[in-house]
Protein chains: 2
Amino acid sequence: MNYPLEQLLPSNYLLAAAEAENAPIVLAGVLLSLIVIYLASKLGGELSRKLDFPPVLGELVGGVVVGASALNLLVFPESGASASDSFLMTVLQLFDDISPEAVTSIFESQSEAISILAELGVIVLLFEIGLESDLRELQKVGYQAAVVAVVGVVAPFAAGTAGLMFLFNVPTIPAVFAGAALTATSIGITSKVLSELGHLKSAEGQIIVGAAVIDDVLGIIVLAVVASLAKTGEVDIFNVVYLIVSATVFLVGSILLGKFFNKAFHLSAEFFQTRGNIVIPAFILALLMSFLATAIHLEAILGAFAAGLVLDETDTRNELDEQVIPIADILVPIFFVSVGARVDLSVLNPVVPENRQGLVLAVFLIVVAIIGKIITGWAVFGKPGINRLAIGVGMIPRGEVGLVFAGIGAASGALDKPLQAAIIIMVILTTFLAPPFLRFSFGDAPKEVVEEADAAS
Amino acid sequence: MNYPLEQLLPSNYLLAAAEAENAPIVLAGVLLSLIVIYLASKLGGELSRKLDFPPVLGELVGGVVVGASALNLLVFPESGASASDSFLMTVLQLFDDISPEAVTSIFESQSEAISILAELGVIVLLFEIGLESDLRELQKVGYQAAVVAVVGVVAPFAAGTAGLMFLFNVPTIPAVFAGAALTATSIGITSKVLSELGHLKSAEGQIIVGAAVIDDVLGIIVLAVVASLAKTGEVDIFNVVYLIVSATVFLVGSILLGKFFNKAFHLSAEFFQTRGNIVIPAFILALLMSFLATAIHLEAILGAFAAGLVLDETDTRNELDEQVIPIADILVPIFFVSVGARVDLSVLNPVVPENRQGLVLAVFLIVVAIIGKIITGWAVFGKPGINRLAIGVGMIPRGEVGLVFAGIGAASGALDKPLQAAIIIMVILTTFLAPPFLRFSFGDAPKEVVEEADAAS
């Protein structure tokens with residue numbers, strides 16, 4: 001009678017039950033947080049679309065509305081919030097008698113789960129961006145796009161970092177982080193606006209999209225370098241060289257080994273015949289490369305992007321693209337809304353005198369962000385008559401990657417609240433301004449509308 | 001100069017950075033765990049399919065292989081494992097210098113994240129099962145299926161619980177939990193095997209599938225009741241009545257309010273035009289109903305199942321079905337592999353004398369599981385000449401819902417290790433045995449093969 005009497009003693013069981021007692025409340029907290037996140041992202045995204053702005057902007061603003069700046073529905077302990085600041089925790093306490101110590105531990109567990117989901121969201125986002133980018137397309141647009149990209153990374157980075165350090169006395173690491181956040185053009189937003197304007201296939205459009213892709217890659221390398229600097233807390237020239245070399249070797253290495261990865265993916269997708277035969281091997285690849293990137297102290301998203309980049313265009317790949325969409329639809333909003341929710345816009349409230357310096361910073365970042373990209377148009381060579389202004393303006397919108405900078409900077413503690421808010425404002429404003437600016441620089445009427453008018457007459 | 005000098009002081013920044021320092025290592029741990037989970041589920045699932053068994057069985061066995069029973073790649077603190085038991089933590093320590101205190105906290109954070117992902121996985125699974133079940137189909141098969149279902153729930157539950165309590169002296173709550181785990185037939189496994197045998201549309205097939213659906217619903221109500229009993233730790237007759245009534249009211253209420261939910265879903269899916277316009281409203285509904293179910297102390301999965309059940313068959317719904325598949329493909333394996341990984345099969349090792357009692361329990365559960373379902377065939381009335389044995393045998397395979405019982409029972413502490421292992425063995429064996437038993441009871445040759453042979457001659 002060893003087994004049932006000793007091992008099933010009620011006291012033993014009650015002890016284990018007490019430990020696991022909070023698990024359903026943590027789950028309830030995660031469910032509520034996800035409901036808030038999805039409502040914010042969908043309502044924000046749809047409103048943004050109705051106003052003719054990219055949906056991602058609305059998801060971000062939706063996050064700001066439900067987050068620390070306004071409704072306090074979604075707040076995070078790392079940003080200094082406690083359980084009593086969270087309106088969701090108040091709701092949970094309506095349904096359950098939770099002891100005060102349990103409240104803090106539930107709040108932290110639930111916030112940590114949402115943070116991990118947001119990180120999986122940005123991994124899927126960069127994997128998807130990698131899938132959308134085409135290595136061969138990049139080679140066609142070639143030198144022109146590369147020059148535009150390099151100028152568009154170096155100019156705002158140098159001007160932003162130097163300006164913050166010398167004009168505003170910001171310490172080196174936050175200044176470098178904010179400068180780096182100015183670099184990456186949003187492929188998603190730019191290509192969407194160009195296609196809406198009917199200029200995606202024009203020479204200007206091709207250069208912009210090519211440059212935006214290269215730009216994103218450069219931006220991710222810069223992020224890997226900067227984030228690692230933030231982790232070690234000091235600017236060690238040896239470390240900088242190590243990171244630039246390792247990030248470049250990692251990315252170039254992945255591309256060179258791409259044929260092998262690609263073959264392994266296609267073989268396994270063909271070999272496997274149970275559900276998930278395409279999406280699981282792809283995720284194993286993306287997660288493995290994300291893990292390898294973090295293992296050598298780079299960012300996980302660099303690995304996810306590389307994994308997407310190396311998968312060749314085939315029937316299986318196209319099927320994969322389709323299957324990744326709903327997964328991204330579910331996970332990516334958690335990232336965007338969390339980034340918005342972590343921002344405390346009240347630090348930029350101009351009525352409070354102490355905030356004015358932070359506001360000045362935001363204005364400075366926006367000016368550098370715009371001018372630093374507009375000049376890239378004049379870096380194009382050997383193309384007389386090209387619309388240089390349009391190319392420069394097309395590079396203005398920052399987006400996903402800029403937000404990734406703000407998110408990782410905030411999570412690592414490298415960016416304080418005003419600077420983080422200034423970066424978010426910069427991302428929001430450059431994205432708001434790009435569509436009307438682009439319309440103006442290409443001349444008013446979108447091409448497709450003109451063609452439709454011709455066809456009708 | 002208020003802002004940059006005071007707020008960006010390096011010491012301040014380093015403090016915040018130290019707190020967030022572990023976040024990338026937790027993420028790396030989650031990534032590694034997910035890689036292990038996906039490899040285990042895919043290799044297990046494919047092997048199972050090659051051997052002519054349902055893939056879900058292989059995912060479960062894959063979990064057992066990577067879990068506490070064998071490789072120790074995926075272990076959980078709730079099951080008594082410490083960080084030093086986890087092979088993944090050893091791998092993480094190769095890449096990073098982690099302090100001994102940090103190791104424990106990283107291990108717990110990472111395990112908690114995987115547990116939450118597994119819970120989201122089972123929510124998506126039950127939502128998908130709900131989507132696959134059709135209320136109108138159920139009404140057609142009608143009374144026959146209902147009688148088979150009720151007998152198939154009551155017989156194994158009563159025989160299992162009473163047997164455990166009176167023959168083996170198991171305390172009431174674990175006995176009720178194990179008895180409840182014997183109730184639910186797997187819709188997925190049963191319908192797949194029937195369609196492979198070409199008997200899905202036969203009278204027997206229709207009754208089996210209808211009964212399996214009703215059975216699942218009854219099983220989920222039983223689970224809600226039993227899990228809540230496990231939480232409060234005592235059998236309070238008032239509580240039992242409250243739970244049966246609230247679970248029934250919740251499910252019936254959701255179905256009655258279904259038209260309203262359904263309309264809200266279709267309107268928003270039509271109104272929204274940005275990405276995720278179908279899947280996000282559906283997830284909001286599923287998460288909201290899951291949250292409501294937990295808020296009234298039922299199980300989250302009851303809400304998810306109800307949400308799936310009420311969405312009517314339309315074009316939008318069909319599109320939703322397609323989009324839920326890849327999401328389920330990514331999240332559901334985390335659940336199955338975790339369930340397998342939590343099991344410690346060594347408690348059933350027959351070489352250790354103390355284990356023999358546990359093994360006897362497993363054998364008892366399996367016998368009750370099989371006989372308790374086979375007799376259901378003789379409950380069919382007014383259908384002379386029907387293959388009663390086939391109906392009974394068709395109800396044998398337990399699957400998803402049985403595993404949900406084992407998983408929730410283990411997480412809540414209601415099931416100790418030997419009983420939990422016995423349930424898992426019961427689920428595995430009933431599922432292994434059902435396909436050959438069904439083939440035998442229908443006669444050897446599958447119908448489709450016969451038809452093909454006819455066509456060829």
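The values are calculated or read from the model by the stated rules, or taken from the named source; none is laboratory data. Predicted model, so just to flag it, every value in this text is computed and none were measured. No Cβ is skipped: glycine too gets one built from the backbone with ideal geometry, and neighbour counts run over all protein chains shown.
For the reader, a short list of remarks on this structure follows.
- Among helices (runs of 4 or more DSSP H) entirely within region A:1-81, having at least 2 residues that are crowded, with 19+ Cβ neighbours inside 10 Å and modelled with pLDDT of 80 or more singles out A:23-50, A:55-66.
- Yes/no for residue A:253 being buried (at least 17 other Cβ atoms within 10 Å of the Cβ) and either farther than 25 Å from residue A:439 by Cβ or not hydroxyl-bearing (Ser, Thr, Tyr) (or both): no
- Number of the condition not met by residue A:81 [criteria: (1) within 19 Å of residue A:29 (Cβ to Cβ); (2) touching a Pro at 6+ places or on another chain (Cβ under 8 Å)]: (2)
- Subset of region B:395-433 [more than 11 Å from chain A (Cβ to nearest Cβ) and of a type in the set (D, E, K, R)]: B:398, B:400
- Search result, residues across region B:197-210 that are within 25 Å of residue B:423 (Cβ to Cβ) and modelled with pLDDT under 80: B:209
- Odd one out for residue B:300 among (1) over 15 Å from residue B:123 (Cα atoms); (2) out of contact with any Pro (no Cβ under 6 Å at 6 or more places or on another chain): (1)
- Residue within region A:87-102 that is over 29 Å from residue A:221 (Cα atoms), buried (at least 20 other Cβ atoms within 10 Å of the Cβ) and touching an Asp or Glu at 6+ places or on another chain (Cβ under 9 Å) present: no
- Among the residues of region A:38-72, those that are within 10 Å of another protein chain (Cβ to nearest Cβ) and over 20 Å from residue A:429 (Cα atoms) comprise A:38, A:39, A:42.
- Just so you know, in region B:180-196 the residues that are within 14 Å of chain A (Cβ to nearest Cβ) and within 13 Å of the chain's Cα centre (by Cα) include one that is modelled with the highest pLDDT, and it is B:189.
Each row is one residue, and each column tells you yes or no for (1) within 17 Å of residue A:159 (Cα to Cα); (2) in contact with a helix residue (DSSP H, G or I) (Cβ under 9 Å, 6 or more places away or on another chain); (3) touching a residue at least 60 places away in the same chain (Cβ under 8 Å); (4) part of a loop (DSSP other than H, G, I, E, B).
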site	(1), (2), (3), (4)
A:386	no, yes, yes, yes
A:389	no, yes, no, no
A:396	yes, yes, yes, yes
A:411	no, yes, yes, no
A:418	no, yes, yes, no
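- Region B:163-179, subset without any contact (Cβ under 8 Å) to a residue 60 or more places away in the chain, within 11 Å of another protein chain (Cβ to nearest Cβ) and in a helix (DSSP H, G or I), residue surrounded by the most Cβ atoms within 10 Å (Cβ to Cβ): B:175
- Among residues that are away from chain B (no Cβ under 12 Å) and either buried (at least 24 other Cβ atoms within 10 Å of the Cβ) or part of a helix (DSSP H, G or I) (or both), residue A:120 is not included.
- For region A:296-323, filtered to residues that are modelled with pLDDT of 90 or more and out of contact with any Phe, Trp or Tyr (no Cβ under 9 Å at 6 or more places or on another chain), the residue that is nearest to the other protein chains (Cβ to nearest Cβ) is A:323.
- Some residue of region B:85-105 being facing chain A (nearest Cβ under 10 Å) and within 24 Å of residue B:327 (Cβ to Cβ): no
- Selection over region B:352-373 of residues that are modelled with pLDDT under 85 and either in a helix (DSSP H, G or I) or surrounded by 19 or more Cβ atoms within 10 Å (Cβ to Cβ) (or both) gives a count of 6.
- Selected residue (criterion: nearest to the other protein chains (Cβ to nearest Cβ)) from residues of region A:261-295 that are outside any helix (DSSP H, G or I), touching an Asp or Glu at 6+ places or on another chain (Cβ under 7 Å) and under 16 Å from residue A:324 (Cβ atoms): A:276
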